Amino acid sequence: MEPFTTLKAAAIPFDQPNIDTDQIIPARFLGKARDAQVNALFHDVRYDPAGKPIPGFVMNQPGFAGARISVSERNFGCGSSRENAVTVMVDNGFRAFISPSFGDIFFNNCFQNGVLPIRLDAARVAEIRKALHEKPGSEISIDLPSQTVIGPDGKSDRFEIDSFRKDCLLKGVDEVNLTLGYEKDIAAFEAKQAKELSWL
Amino acid sequence: MTAPRTMFEKIWQRHVVVDRPDGYTLLYVDRHLLHDGSAGGYGKLREMGRKLRRPDRAFATPDHYTSTASGKVADIRDPGHRKLVEAIQTNTAESGVTLFYVGDPRQGIAHVVGPEQGVTQPGLTMVCGDSHTSTHGALGALAFGIGTSEVGHVMATQCLWQRKPKAMRISVDGTLGAHVTAKDVILAIIAKISAAGAVGHVIEYAGSAIRGLSVEGRLTVCNMSIEAGGRAGMIAPDDTTIAYLRNRPFGPKEAEWDKAVAFWRSLPTDDGAGFDREVSLNAADIVPMVTWGTSPEDALPITGRIPEPSSGLDAAKKDGIARALDYMGLTPGTLLEEVAVDRVFIGSCTNSRIEDLRAAAKVVDGRKTVVPSWVVAGSGLVKAQAEAEGLDKIFLAAGFEWREPGCSMCVGMNGDTGKPGERIASTSNRNFVGRQGQGVRTHLVSPAMAAAAAVTGRFADVRRLLA
């Protein structure tokens, strides 16, 4: 997995709460190969059924092309467990998501793909979104080692992240290899459980 | 004496393989459910050059891509989808995993099949590459959805790295009114706490109204924990649970039954155990619910009106309501009972069990559908049971389509979708934009309310229809 340390990139604001993974990638694209999913990102909220861009959707507005960081309202990535919601964002250049809260499964899936989800205070996130609307294409700087985000207004915020997740991202750790290092513990657990819950 | 513990805490502690000083836990997984969307997990396993560690702990059934028209693999139109269904057969055969394949009467939606087969049991940890894995908590398991990478991780190690979620208790006390169902309870809960209300939490549902639910009803409640943002949802095992589990094929055999029951009886939350958050509702206040917007939190009593994006709301909320109403093609102030529907879907891991079909059949009996309407049973066994009770005849006589088991129009991955602009009364779990097809408008309701919509062509209050 590609390590994550710092990122300075253009950001795009999503103003709606509860952006679900069905919006991020509609179900009908899930059976396709990963490289055939790239253009499915936000497909049905980005284009009308005739395939015409919907002007009200932020990705269709000028100045936001090439964004690598999303800044959204609460509960980003809620709903279906589809990991494609993370990979399609990655394949469109995204490496970090900022929101007051995330869907739990989406949040976990981020770490499996070298992506950093950052939880910031709702009022601050709203402020950043406003700044991005005022000046599309503005950049945000993220520094994982120091756990800081510098917004387009130059204001710096510290964010919290579990040290386990931070370490894995910084080093690009393969979780399965890490787990296999605990093989003895797993085997001991299984031996104990086989006695206690013998009917399993 | 040990400190009082929640049921979640007891199950969690029992599954800790390693507790790291950084707050992360390597948690053991007792049961892993696989479906036709899990092919990616096998792909990860192959990339790693590893074998599935515990094939005896995994159970598989195709559900997302199966044809509900014929129930035949050959009839899956999209060749890519057909390959995914076929892959579950070759993958499970190679890895030695129990499979309930298309054509086997036990095949169905993973979250219907697990409890039905006794794979789901109290006190176990369960995962599946599907967000509605929370369903299994209804029997007192700690069950949650994971992504494809974590599916591969569980296949290789039978464990997962987890940070312990917080605990939340939602109590519903009192008696539910006539024709008010588990679906109405969970929609009322989500409307109250929001779609993000339980993020980072495992929910325990408690209270007399929850205890009064059948296992089927409890499965419906726990199923939609994810729509409240919850990591998982669970209900303490009791006499109802234990009676349900007796003689299930993959449950404890007679010789071990008493030992298993003693373990299950030790699981309920101790008196005085603390929760990080408590919420309570009065059962008597809950009426049949209908969603109007594009998030499950947009749920209203059937007696309500489509909301106005106005008075006392901030700009973002107003904008959100306006966008939802625009997508849904609804006019503010309209009575929900005046909203006409184009199609009805009864099915999904939320509401496709025998009790759901009985409730719908009761409404449909002697009436005729006025819009295209489907019933998709949750499993071959549910379908067979319904047929033994003559429910299929009631649905067919009314004009319903009686289809083969699968996820079907809940998610539309197999091509079972509505047409752009269509308004569907659906017993599924998500009214997201495009969930049932591009441009399709989904309203979430109970099976009884869906049946009422099928025979009236609008959202009718089932309490009055059956009065």
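The values are calculated or read from the model by the stated rules, or taken from the named source; none is laboratory data. Owing to the predicted nature of the structure, the values given are computational and were not obtained by experimental measurement. We place every Cβ from the backbone using ideal geometry, glycine too, and count neighbours over all the protein chains shown. Keep in mind that these areas ignore ligands, DNA and RNA; they rest on the heavy atoms of the full protein, side chains included. Shrake-Rupley method; radii C 1.70, N 1.55, O 1.52, S 1.80 Å.
Mean silhouette area of the stretch B:46-175, derived from the convex hull of its C-alpha atoms and averaged over all directions, reads 10.5 nm². Pairs of Cα atoms in the stretch B:1-64 fall into 5 Å distance bins, from 0 up to the last occupied one, in shares of 4, 13, 15, 19, 17, 15, 10, 4, 3, 1 percent. In terms of its alpha-carbon gyration tensor, the stretch B:7-277 comes out prolate; a/c meets the 1.5 threshold, and the first ratio a/b outweighs b/c. Carbon-plus-sulfur accessible fraction, the stretch A:157-198 (probe radius 1.4 Å, protein heavy atoms only): 53%. Cα axis of helix A:122-134 to longest principal axis of chain A: angle in degrees, 0 to 90, nearest 10? It is inclined by approximately 40 degrees.
For B:Glu256 and A:Lys32, a Förster radius of 56 Å and the Cβ-Cβ distance give a FRET efficiency of 0.80, rounded to the nearest 0.05.
Helices that extend 18 Å or more along their long axis by alpha-carbon positions and average at least -1.0 on the Kyte-Doolittle scale are, among the DSSP H runs of chain B, B:79-95, B:315-328.
Loop-located trypsin sites (Lys or Arg not before Pro) across the stretch B:189-272 with a Cβ neighbour count of 12 or fewer within 10 Å are B:Arg246, B:Lys253, with loop assigned by DSSP.
To the nearest 20 Debye, how big is the dipole of chain B about its Cα centre, given +1 on the beta carbon of each Lys and Arg and -1 on that of each Asp and Glu?
My answer is approximately 520 debye.
Taking the Cα centre of the protein assembly as shown as reference, the dipole from Cβ charges on Lys and Arg (+1) and Asp and Glu (-1) amounts to some 400 debye.
Relative contact order, whole percent, for chain B stands at 17, derived from Cα pairs under 8 Å and 6 or more residues apart. For the peptide B:18-27, the mean number of other protein chain Cβ atoms found within 10 angstrom of a residue's Cβ is 3. Working from label points 7 Å from Cα in the Cα-to-Cβ sense, the B:Asp271 to B:Arg305 distance is 4.9 nm. Put simply, when B:44-50, B:438-444 are sorted by average Cβ atoms within 10 angstrom per residue, most first, you get B:438-444, B:44-50. Could you state, as a whole-number percent, how many of the C-alpha pairs of the protein assembly as shown are farther apart than 50 Å? More than 50 Å apart: 7 percent of the Cα pairs in the protein assembly as shown. In the stretch B:151-185, which residues have a backbone nitrogen under 16 Å from the label point lying 7 Å from B:Ala3's Cα in the Cα-to-Cβ direction? Only B:164-168 pass the distance filter. Computed over chain B, the range of Cα coordinates on each principal axis works out to 56, 54, 44 Å, biggest value leading. With a 10 Å cut-off around each Cβ of A:105-116, the average count of Cβ atoms from other chains is 4. Taken along the Cα-to-beta-carbon direction at a fixed 7 Å, the label points for B:Ala316 and A:Lys184 span 5.0 nm. Along the Cα-to-Cβ line of B:Ser208, 7 Å from the Cα, sits a label point; which residues in the stretch B:269-294 have backbone N less than 19 Å from it? So the set is B:279-287. On full extension, the segment bounded by A:Asn60 and A:Asp174 gains 37.4 nm, given 0.36 nm per residue less the C-alpha separation.
Residue separation of A:Val90 and A:Ala122 scaled by 0.36 nm, minus their Cα-Cα distance, works out to 9.1 nm of gained length. Among the residues of A:40-49, the average count of other protein chain beta-carbon atoms within 10 Å of the residue beta-carbon is 3.
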